[in-house]
Amino acid sequence: MFPKREFDVEDTPAENIIKLMFVKKPWKWTMDCWEVTGTWVNTKPTVVSPAKKKVVKEDSPRPQKKARKEASEEAAAVASEEAAAEAKYFKTLFKDIVDAMSEGFGTCLKEIKYLSERVEAVEKMID
């Protein structure tokens, strides 16, 4: 398909992929394209139940290093401060949205009342 050079090594799977991608006539995959190596059967399947997973407790007999413990406490404090600030931000954001919706709804009610009064006035003029 492509010109061969003197140092080229035959790579059948790569040539098959190139044929599949670039040859006008569709090329069909066959079992002859790759060497059959067989299958491996797992004769001893193991199942891990969630109850048997090990959970490391804080009061475990193996103490943590002091620097690691301090760093984790500091990271937890920073994370809780960030979470609190974010919660406050979202609360104010939702409050602003609710206020805008309430104001818009109130304006709609006023407009509906005004339009109904105008319709009544027009009906009286017609009668």
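Structural remarks
- Net charge of neighbours whose Cβ lies under 12 Å from the Cβ of LYS124, counting Lys and Arg as +1 and Asp and Glu as -1: -3
- Charge tally around ALA87: other residues with Cβ under 13 Å, Lys/Arg +1 each, Asp/Glu -1 each, net 0.
Read the figures in this text as sums done on the coordinates, not as results from a lab. Please read all numbers here as calculations on a predicted model, not as lab measurements. All Cβ positions, even for glycine, are placed from backbone atoms using ideal geometry, and neighbour counts span all protein chains on display.
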